[in-house]
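Heads up, the thing below is written out as structure tokens.
The values are calculated or read from the model by the stated rules, or taken from the named source; none is laboratory data. What you are looking at is a predicted structure, and each value in this text was computed from that prediction instead of being measured. Here the Cβ positions follow ideal geometry from the backbone for every residue, glycine too, while neighbour counts run over all protein chains shown.
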Amino acid sequence: MRKSTIAITMLVAITLACSVLTPPVTLTPAATLTPTATRTPATIIKVVRVHFTEITSTTWEQLVATGATAILEALFEPQLYREDLEADMRYLFTGTWESPDIAGMRYCFSTSGTCQPEGDWLPYAEKKEFPILVDWLGKREFRVAVEFRDSSGNAIITDDGSYDLQSVTRLSTEVSGFWDVATPIGNQPAAVQTALAPTLAAYPVIGSVVLNDGNCCTGGKAGSTIGINVEFAATSIYGKVTEMRVGTDMCFAETDPGAATWEPFATSKTIQVYVTINWTGFYVGVQYRDEQGNLSPVYCDDISVEGMP
């Protein structure tokens with residue numbers, strides 16, 4: 001046999017043997033990607049957000065002197081909300097509603113209880129102001145309700161800031177009237193004198209108390225002690241105010257001043273407060289007495305104290 005034939009025969013034999021001993025390579029097919037779930041795009045909702053507050057006061061408690069005019073403002077802001085599909089359909093602000101289709105609005109304003117918008121539809125306005133003569137002492141609540149519609153007559157969703165969408169938004173705000181002792185009762189408007197007459201008959205001394213300039217909150221490290229500034233003011237139609245009694249930790253009632261004792265009248269003092277963890281309320285009540293022995297009502301103010309670790 002020729003050498004070339006032998007060589008070819010051996011090569012074929014070796015190749016066959018190798019093919020038996022070594023299985024052919026199997027190619028792994030490319031992984032098939034499982035398509036993700038189809039999610040509906042977030043819905044964009046056109047909303048009018050409503051704010052309601054007293055705008056002439058600079059204090060958190062909205063203190064306005066008797067005889068002055070408090071201006072309550074309802075502000076209407078066209079906004080765009082979207083559904084947060086990953087947070088149980090919560091609605092979130094996403095931008096300003098440009099060129100809003102708001103054809104009409106109607107509202108009601110109440111000084112006693114809730115009210116319902118009724119009557120003719122009015123042209124849309126960005127805000128409404130309600131001037132009120134302050135002829136009362138203490139807190140008084142005011143309410144507003146408002147609704148809107150577009151050019152097709154469809155209701156426009158409203159929101160009061162809580163992202164609780166509704167067709168009619170109802171809001172309230174409080175204004176605290178106080179007697180500015182620099183203005184004698186005789187210099188007050190006639191309506192104020194009339195309104196204050198029953199109070200003055202029972203309590204000829206009028207005053208006020210304010211904590212930390214009327215701020216809502218203060219705080220410090222839990223376990224520490226902080227000072228809270230208290231400002232006192234009082235006047236009497238019968239003479240000089242000479243005494244006061246101050247109660248802390250709660251606002252005592254007119255008929256139960258607690259364990260507070262009479263002390264000389266002062267325009268201010270600092271009360272030390274022990275700070276506990278988290279939020280607590282701190283209250284100060286005060287009653288005044290003039291040189292003739294006439295009393296004031298009990299005035300009260302409070303502030304929230306946050307204790308931090």
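The residue that is surrounded by the fewest Cβ atoms within 10 Å (Cβ to Cβ), counting only those in the stretch 268-298 that are of a type in the set (Gly, Ala, Ser) and outside any strand (DSSP E or B), is 293. Going by the structure shown, is residue 63 in contact with a His (Cβ under 7 Å, 6 or more places away or on another chain) and not acidic (Asp, Glu)? Spelling it out, it is not the case that residue 63 is in contact with a His (Cβ under 7 Å, 6 or more places away or on another chain) and not acidic (Asp, Glu). Of all residues in the stretch 275-286, at least one satisfies being under 24 Å from residue 179 (Cβ atoms) and over 27 Å from the mean Cα position of the chain (by Cα).
Inside the stretch 105-204, counting only strands (runs of 3 or more DSSP E) that do not spill past its ends, which hold 1 or more residues that are in contact with a Pro (Cβ under 9 Å, 6 or more places away or on another chain) and within 26 Å of residue 92 (Cα to Cα)?
Counting at least 1 such residues, we get 138-149, 155-159.
Taken as a whole, the stretch 246-259 holds no residue that is in contact with a strand residue (DSSP E or B) (Cβ under 7 Å, 6 or more places away or on another chain), modelled with pLDDT of 90 or more and more than 21 Å from residue 139 (Cβ to Cβ). Take the residues in the stretch 79-107 that are among the charged types (D, E, K, R) and either loosely packed, with under 13 Cβ neighbours inside 10 Å or modelled with pLDDT under 75 (or both), then tell me which one is farthest from residue 49 (Cα to Cα). Result: 86.
Give the residues of the stretch 139-159 that are surrounded by 14 or more Cβ atoms within 10 Å (Cβ to Cβ) and either over 14 Å from residue 46 (Cα atoms) or in contact with a Gly (Cβ under 6 Å, 6 or more places away or on another chain) (or both), sorted by residue number. Full working, then the answer.
Filtering the stretch 139-159 for residues surrounded by 14 or more Cβ atoms within 10 Å (Cβ to Cβ) gives 140, 142-150, 156-159.
Selection gives 140, 142, 143, 144, 145, 146, 149.
Hey, among 239, 223, which residue is surrounded by fewer than 17 Cβ atoms within 10 Å (Cβ to Cβ), at positive phi, in the same structural domain as residue 284 (by TED's automatic domain parsing) and without any contact (Cβ under 8 Å) to a residue 60 or more places away in the chain?
Working: 223 fails: without any contact (Cβ under 8 Å) to a residue 60 or more places away in the chain.
Just a single option satisfies the conditions, and that option is 239.
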